[in-house]
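Data first, discussion second: the structure below is written as structure tokens.
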Amino acid sequence: MGRIVVILFLMLFSCSQTNSKEQKKESNKVISTTDYELFISEKENGLLILFPCYPCDAINTKTEFSIVNEAIDNGVSVLLMNFNQHLYLLDQEKKTLATIVSNAIAINKLRTDNIFFGGFSSGGNVSLLLSDYLVKTKNKLQPKGVFIVDSPIDLLSLYQVAKKNLQQNSSEATKQESSLIIESLETAFGDPEVDLAKYLQFSPYIAKTNSIGNISGLKDLKLCFYTEPDLKWWKDYANNDWEDLNAYSIKKLAKQLKVDGAKQIEYIATENSGIRANGKRHPHSWSIVDEKELIKWVLK
């Protein structure tokens with residue numbers, strides 16, 4: 001995706017709340033709290049923990065991603081998290097999230113031997129960073145795999161593309177969103193031209209330096225990276241080039257992880273699959289994931 005347009009602010013705040021694929025049935029047990037919505041399958045062959053896009057929540061995930069029925073039918077419980085508005089995680093946030101997820105599993109007596117994390121957009125960043133934390137701290141909760149959906153994993157590039165959009169012939173909406181992104185990242189980390197250290201400290205990946213230290217704990221897990229690199233769509237919408245898309249950084253990350261020893265990693269680039277629940281074409285969507293294939297991947 002063109003990082004600056006969709007990840008944060010205006011575009012994502014317009015996420016549809018009307019499901020184009022109606023959830024016709026649910027599991028035998030549904031638990032709702034302020035932190036999550038949990039669908040428990042009787043068979044319990046696995047647990048899928050999903051994080052939403054930047055301004056989204058569990059309801060939006062359920063609306064945009066028709067995964068619950070497919071998962072339940074195959075014995076996979078689904079934990080839809082409400083945790084949002086994070087492109088990165090502080091250490092305390094990782095601890096807090098780990099506790100919330102662990103408590104949800106313990107209270108509901110769920111199995112822990114086949115757990116997968118995944119997320120759309122910024123939710124993918126959260127999934128990567130939290131999973132890495134669980135592995136490196138040898139937490140009792142150990143993921144078997146992680147998947148991301150068109151996530152802005154490179155915060156340095158996110159900043160740089162926002163700067164670029166302010167200088168070129170971009171739409172007014174793109175420029176407004178770019179300004180918001182720059183303001184947000186500079187408030188958190190400063191200007192990377194002056195101090196790159198904090199971007200390296202918190203970003204899941206930095207393509208410029210091929211830095212994967214923040215997710216190096218994942219190389220022994222099953223990994224699946226989904227993108228829909230529709231360059232024409234992004235060129236028309238935001239005047240983005242290939243290097244400006246999330247797909248560019250995600251593809252580079254997949255290659256670097258393989259170089260560093262990851263053996264169970266897939267980079268999936270889809271075509272014409274990005275359709276929002278409101279029926280509108282958008283390559284930055286949950287819908288680029290094939291639900292049946294994802295559940296097969298979890299159970300394989």
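The numbers here are math on the coordinates, done by the rules we state, and not lab data. Not measured: the values here are computed from a predicted model. Virtual Cβ from ideal backbone geometry, glycine too; neighbours counted across all protein chains shown.
Taken along the Cα-to-beta-carbon direction at a fixed 7 Å, the label points for ASN108 and SER216 span 3.5 nm.
In this label model, SER273 and LEU166 are separated by 3.5 nm, measuring between points 7 Å along each Cα→Cβ vector. Given R0 = 35 Å, the distance between the Cβ atoms of GLN142 and ALA197 translates into a calculated FRET efficiency of 0.70.
Treating only the Cβ of Lys, Arg, Asp and Glu as charged (+1, +1, -1, -1), what charge dipole size does the range 3-299 show about its Cα centre? Round to the nearest 20 debye.
700
Once you list every other residue whose beta carbon is under 10 Å from the beta carbon of ILE268, what net charge do they have if Lys and Arg are +1 and Asp and Glu are -1? Neighbourhood net charge equals -4.
Test of the criteria: in the range 71-142, which trypsin sites (Lys or Arg not before Pro) are in a DSSP loop and have at most 13 other Cβ atoms within 10 angstrom of their Cβ?
Values: sites: LYS94, LYS95, LYS109, ARG111, LYS136, LYS138, LYS140; in loops: LYS109, ARG111, LYS138, LYS140.
Within the range 71-142, the qualifying trypsin sites (Lys or Arg not before Pro) (loop, at most 13 other Cβ atoms within 10 Å) are LYS109, ARG111, LYS138, LYS140.
Each other residue within a Cβ distance under 13 Å of ILE115 adds +1 if Lys or Arg and -1 if Asp or Glu, for a net charge of +2. Taking 18 Å as the straight-line reach from the Cα of LYS222, the aspartates and glutamates in range (excluding those fewer than 8 positions away in the same chain) are ASP113, ASP132, ASP150, ASP260, GLU266, ASP290, GLU291, GLU293. Across the range 269-275, coupling constants 3J(HN,Hα) worked out from phi with the 6.51/-1.76/1.60 Karplus curve, θ = phi - 60°, read 9, 8, 9, 6, 9, x, 10 Hz, and Gly and Pro carry x. SER178 sits among other residues whose Cβ lies under 9 Å from its own Cβ, and their net charge, with Lys and Arg +1 and Asp and Glu -1, is +2. Each of ASN214, ASN169, GLN264 was placed along the dipole of the range 3-299 (beta-carbon charges, centred on the mean Cα), and the one lying farthest toward the positive end is GLN264. For the range 82-87, backbone phi angles converted through the Karplus equation (6.51, -1.76, 1.60; θ = phi - 60°) give residue-by-residue couplings of 9, 5, 8, 6, 9, 9 Hz, Gly and Pro being listed as x.
Among LEU166, LEU38, LEU156, which one shows the highest mean-square fluctuation when the chain is modelled as a Gaussian network with alpha-carbon springs under 10 Å? Residue with maximal mean-square fluctuation among LEU166, LEU38, LEU156: LEU166. Taking amide H as placed 1.01 Å from N in the peptide plane, ILE268 has its amide H under 5 Å from the amide H of PHE225, TYR226, THR227, each at least 5 places away in sequence or on another chain. Where (i) 30, 57, 13, 0; (ii) 33, 59, 8; (iii) 37, 58, 5 are the candidate values, the label of the one calculated here for P(r) over Cα pairs in 20 Å bins from 0, in percent is (iii). Rounded to the nearest 10 degrees, the angle from helix 172-189 to the longest Cα principal axis of the chain is 80 degrees.
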